[in-house]
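Student: Mind looking over this structure? Questions follow.
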Amino acid sequence: MSQMQIQETQALDARGLLCPMPVIKTAKAMKELAPGEVLKLTATDRGSIADIPAWAESTGNEVIEWHEEGDAIVFFLRKGA
Amino acid sequence: MPDQEKLVVMVTHGPDEPELATIPFAMAGAAVASDVDVVMGFQGNGCLLVKKGVAETVAAPEFAPLGDLLSTIHELGGQLLVCSPCIKSRGLSEDDLVDGAEIVAAARFVAEITSATSTLVY
């Protein structure tokens, strides 16, 4: 997957957290953002690859891009309206 | 947006079965993170998980620690309902339970379940 240059508003390091804490921490972090702002999430829980897009869809947020960096998975999430 | 969704999660396994005790908390945690109203119901040995000091001792491989999940669910507004006869039969009282735990009986569980979008039973 090609990596776009995306400027995040905030970053969340969820490396080492196990299911379902990456989603819970993401939800908390996104509540601090305004609509349109972007959260960069870095996680190592492989379940996040399925979990974060499912969470985003059910909560009206958007996964702009995701990719793997070594053992980590990096997501860019845009807060919905 | 549809009407507010509500998930009831019934917990019947205790600390002697860490995985079956933890999975309902993982589901409830994901639900509160998804803006779903959550009611956790504790029956049978599940009641032991909301006895003060117990959740912190339970961890299942590859899941977040149960104590972290319990505190997060409570913090994010999840309700913790505990079966009255189940705690009495185990010699427990309200003072033995974690903050936020509410002692209820069968009719309250029925009311929560019949008004929920979905119910999970573990």
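Student: Search the structure for amide H atoms under 5 Å from the amide H of A:C19, placed 1.01 Å from N in the peptide plane, and list their residues when 5 or more places away or on another chain.
Tutor: Those qualifying (amide H under 5 Å, at least 5 residues apart or on another chain) are B:A64.
Student: Can you tell me the Rg and Dmax of chain A, counting just the alpha carbons, in angstroms?
Tutor: Taking only Cα atoms of chain A, I get Rg and Dmax of 11.3, 33 Å.
Student: If you don't mind, there's one more thing I want to ask. Please get the size of the charge dipole for the protein assembly as shown, origin at its Cα centre, with Cβ charges of +1 on Lys and Arg and -1 on Asp and Glu, quoted in debye to the nearest 20.
Tutor: 320 debye
Student: Return the FRET efficiency for the residue pair A:E68, A:E37: r is the Cβ-Cβ distance, R0 is 30 Å, and the value is rounded to the nearest 0.05.
Tutor: Result of the calculation: an efficiency of 0.80.
Student: Give the residues of the stretch A:37-81 whose amide nitrogen is closer than 13 Å to a point set 7 Å from the Cα of A:T9 in the direction of its Cβ.
Tutor: Of the residues in the stretch A:37-81, A:37-40, A:61-62, A:77-81 have backbone N under 13 Å from the label point off A:T9.
Student: I would also like to ask the following. In debye, nearest 20, what is the charge dipole magnitude of chain A about its Cα centre with +1 on Lys and Arg Cβ and -1 on Asp and Glu Cβ, if you could check?
Tutor: Rounded to the nearest 20 debye, it is 240 debye.
Student: Kirkwood Rh over Cα pairs of chain B into Stokes-Einstein at 4 °C, 1.567 mPa s: D in µm²/s?
Tutor: Working: Rh = 14.1 Å.
Taking Rh from Cα pairs, D becomes 92 µm²/s.
Student: Further question on the same structure: Amide H of B:V9 versus every other amide H placed in the peptide plane: which residues, excluding those fewer than 5 positions away on the same chain, fall under 5 Å?
Tutor: Those lying under 5 Å, H to H, from B:V9 are B:V39, B:M40, B:G41, B:L120.
Student: Next question. Which whole-number percent of Cα pairs in the protein assembly as shown have a distance greater than 22 Å?
Tutor: 50 percent
Student: Here's something else I'd like to know. Quote the charge dipole size of chain B about the Cα centre in Debye, to the nearest 20; the model charges only the Cβ of Lys and Arg (+1) and of Asp and Glu (-1).
Tutor: Its charge dipole is roughly 400 debye.
Student: Another question, if that's okay. Relative contact order for chain B: what percent, with Cα pairs under 8 Å and sequence separation of 6 or more?
Tutor: Across chain B, relative contact order equals 34 percent.
Taken together, the values in this text are just the output of simple stated rules run on the coordinates, not laboratory data. All values derive from a computational prediction rather than experimental measurement. Every residue, glycine as well, gets a Cβ built from its backbone with ideal geometry; the counts of neighbours run over all protein chains shown.
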